[in-house]
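I have placed the structure first, in the form of structure tokens, so that the comments after it can refer back to it.
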Amino acid sequence: MPTALSLLYDVFGYPAFRGQQAEIIDRVAAGGDALVLMPTGGGKSLCYQIPALLRTGTAIVISPLIALMQDQVAALTEAGVRAASIHSGQTGTDANRAERAFTDGQLDLLYISPERLLSPYFTHLLTKAEPHGFALFAIDEAHCVSQWGHDFRPDYLKLTFLHERYPGVPRIALTATADAATRKEIIANLRLEGAGVFIASFDRPNIRYQIVEKANARAQLLAFLRAEHEGEAGIVYCLSRRKVEETAAWLTASGIRALPYHAGMDAPDRSRNQTAFLREDGVTMVATIAFGMGIDKPDVRFVAHLDLPKSIEGYYQETGRAGRDGLPADAWMAYGLADVVQQRRMIAESAADARHKRVAAAKLDALLGLCETSACRRQRLLAYFGEESGPCGNCDTCLEPPQTWDGTEAVRKALSCVYRTGQRFGAGHVIDVLMGRDDERVRQWDHDKLSTFGIGADIPEKEWRGIFRQMAALGLLAVDHAHGSLLLTAASRPVLKGEQDVPLRRAPEKRKAATPKSRRIDAELTAEEHALWERLRAWRGETAKAHGVPAYVILHDTTLLELVRQRPQSLDAMRHVSGIGVRKLENYGAALLELLAA
């Protein structure tokens, strides 16, 4: 009988388990339930794929996205595992073939969406497949069961029927994103009270976090891409569909291969763009949050946000799509006062009840705290998920520590000016008054005669914008959502009375620094190694095209880099390269040896 470790090595090509993988696999293989919280790229899939191969019967994997199912099935098939999926994007012939293999007991794993699983037709297929047994039920992206979450899917709440109908079949629920409240909800809603709970570190040390003050966001994004990620794959998130379309068109006109993706597009266009992103090199996907959950592309080198997400969970999950292969990646975001105003307005105007609005506001406040912190961003991010850590040395606040200063007097001036202008104007007008500008609109309202006119002339406009942004983030100012005017809050009263100090964050001054060390994954290769790297990538691309799968399904970048550095000269030596199992050695070993020998 194979062991978990022998399957890991022979099928998947890895020499050892990482973190808690072995413990999770042992529990599920022995028939126990498990809840697994593991960051994207941490190896969650192996936690159910290996028990599926160790146990009798077919493992049913509930997955919310067709793209993820297709990628997983393609990767497993390449590794010699009997896997299939049933989903709405299939032809009738493909669906019938998968259904027949399932009911005949010819599959190790079957991937299916929660909606299709719950259909009367699939319930009938379950009955037909019962004689062959079910190895386990895996519920991927389990945070979709949380009604507080940003990815809530009602059908996830009905998945308890699996346990009711087959109480002896182990279940494993997996997610990369869940705070303590969401974990409790997953356990309650999926009835996993007796499950072993495995919480891996949320840290993604290969991701560098950077949040910049928004000035000209598109130009800032383009400069970041050209400096760090020319020709590499990445995702740019925008809040609105219109902004997605405009940003994609602008990046394309600027020489970046960018494609749009949002829920308002025609399904064929959306599918075509997603396929291009998954299967071609160097594509930037500009998208709303409709894109991304379950995207299994390991070589995404950056995730950029042009708009503020709604919560730390959302930010963590979206940025987590970068660097799944463990190689260097960037999470970059441009953030300004308008983002704070917009998110607060969306909460206020939503149809949610008062309790949900309070939770949403608290989640936004936590994210604003991350944006405004002068300490290590990774430390703050991990603390939100209940994990302690030291400064990381790989985020913008560690690499270029911002200064803090006593902004109490400036904040008092700003609050006074908001009050004296009647709480009827936005930040731009109030800043004009503070700076004493001879402006027609200022004169029109006689604001040049106010006692606050010109009292902030010693502070540059850019700095004032940062002060107002931080005041909004700290809850000292609210926004009238109908007119966009700034309003004083109850929290501003002790500041105005001199009872409370307000420390503020000052962005580090831009200084002419030495050219930073490149974070490109091929940066440290010699010229000869780089030529071999490109040959291997070209071969992989041609092979993937012939098989009709994304390139990373054939071999990951990490495997190609190891081939370049180790240069194995025999099949036996190649067997020790991480990511090359028995089937891949049989299929590709000879071709790879020929490339390496050349």
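The values are calculated or read from the model by the stated rules, or taken from the named source; none is laboratory data. What you are looking at is a predicted structure, and each value in this text was computed from that prediction instead of being measured. Here the Cβ is made from the backbone with ideal geometry for all residues, glycine too, and neighbour counts use every protein chain on show.
When 267, 263 are checked against the criterion of being under 19 Å from the mean Cα position of the chain (by Cα), outside the structural domain of residue 557 (by TED's automatic domain parsing), of a type outside the set (D, E, K, R) and over 18 Å from residue 554 (Cβ atoms), 263 stands alone in meeting it.
For segment 303-313, the count of residues that are more than 18 Å from residue 177 (Cα to Cα), in contact with a helix residue (DSSP H, G or I) (Cβ under 7 Å, 6 or more places away or on another chain), surrounded by fewer than 21 Cβ atoms within 10 Å (Cβ to Cβ) and among the basic types (Lys, Arg) is zero. Assigned to a helix (DSSP H, G or I) and closer than 19 Å to residue 233 by Cβ: does that describe residue 588? No. Note on segment 375-398: residues that are assigned to a helix (DSSP H, G or I) and either under 20 Å from residue 470 (Cα atoms) or touching a residue at least 12 places away in the same chain (Cβ under 8 Å) (or both) amount to 10.
Against the condition assigned to a helix (DSSP H, G or I), of a type in the set (A, V, I, L, M, F, W, C) and closer than 30 Å to residue 183 by Cβ, how does residue 348 come out, does it pass? So residue 348 fits the description; yes. Candidates 43, 57: the one that is of a type outside the set (D, E, K, R), at positive phi and under 30 Å from the mean Cα position of the chain (by Cα) is 43. Counting only residues that are touching a strand residue (DSSP E or B) at 6+ places or on another chain (Cβ under 7 Å) and over 15 Å from residue 203 (Cβ atoms), segment 308-352 holds 12 of them. If you go through segment 197-229 and keep only what is touching a Lys or Arg at 6+ places or on another chain (Cβ under 6 Å) and hydroxyl-bearing (Ser, Thr, Tyr), you end up with just 209. Residues in segment 270-298 that are within 13 Å of the chain's Cα centre (by Cα) and within 18 Å of residue 545 (Cα to Cα): 3 in all.
Results for (1) out of contact with any helix residue (DSSP H, G or I) (no Cβ under 8 Å at 6 or more places or on another chain); (2) among the charged types (D, E, K, R); (3) under 30 Å from residue 28 (Cα atoms), shown as yes or no for each residue.
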position: 190; (1), (2), (3): no, no, yes
position: 212; (1), (2), (3): no, no, no
position: 218; (1), (2), (3): no, yes, no
position: 239; (1), (2), (3): no, no, no
position: 253; (1), (2), (3): yes, no, no
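Are any of the residues in segment 328-337 modelled with pLDDT under 90 and either of a type outside the set (Gly, Ala, Ser) or not in a strand (DSSP E or B) (or both)? Looking through segment 328-337, at least one residue is modelled with pLDDT under 90 and either of a type outside the set (Gly, Ala, Ser) or not in a strand (DSSP E or B) (or both).
For segment 465-486, filtered to residues that are part of a helix (DSSP H, G or I) and in contact with a helix residue (DSSP H, G or I) (Cβ under 8 Å, 6 or more places away or on another chain), the residue that is farthest from residue 365 (Cα to Cα) is 465. Looking for whichever is within 28 Å of residue 39 (Cβ to Cβ) and in contact with a strand residue (DSSP E or B) (Cβ under 7 Å, 6 or more places away or on another chain) here; the options are 79, 95, 75, 83. Which one fits? So the residue among 79, 95, 75, 83 that is within 28 Å of residue 39 (Cβ to Cβ) and in contact with a strand residue (DSSP E or B) (Cβ under 7 Å, 6 or more places away or on another chain) is 83.
The set of residues in segment 221-253 being touching a residue at least 12 places away in the same chain (Cβ under 8 Å), more than 14 Å from residue 286 (Cα to Cα) and surrounded by fewer than 17 Cβ atoms within 10 Å (Cβ to Cβ) consists of 231 alone.
Of the residues making up segment 558-575, those that are outside any loop (DSSP other than H, G, I, E, B) and either closer than 16 Å to residue 528 by Cβ or not β-branched (Val, Ile, Thr) (or both) number 11.
Among the criteria (1) touching a Leu at 6+ places or on another chain (Cβ under 8 Å); (2) over 21 Å from residue 341 (Cα atoms); (3) among the small types (Gly, Ala, Ser), the one residue 436 does not fulfil is (1).
Scanning segment 448-497 for residues that are basic (Lys, Arg) and under 21 Å from residue 435 (Cα atoms) returns 449, 462, 465, 469. Here segment 231-260 is the region considered, the condition is being within 21 Å of the chain's Cα centre (by Cα) and among the acidic types (Asp, Glu), and the residue that is modelled with the lowest pLDDT is 232. Checked against (1) under 21 Å from residue 395 (Cβ atoms); (2) among the β-branched types (Val, Ile, Thr); (3) assigned to a helix (DSSP H, G or I), residue 211 passes all but a single condition, namely (3).
Within segment 321-360, the set of residues being small (Gly, Ala, Ser), touching a residue at least 40 places away in the same chain (Cβ under 8 Å) and more than 13 Å from residue 237 (Cα to Cα) comprises 323, 326, 329, 336, 338, 348, 360.
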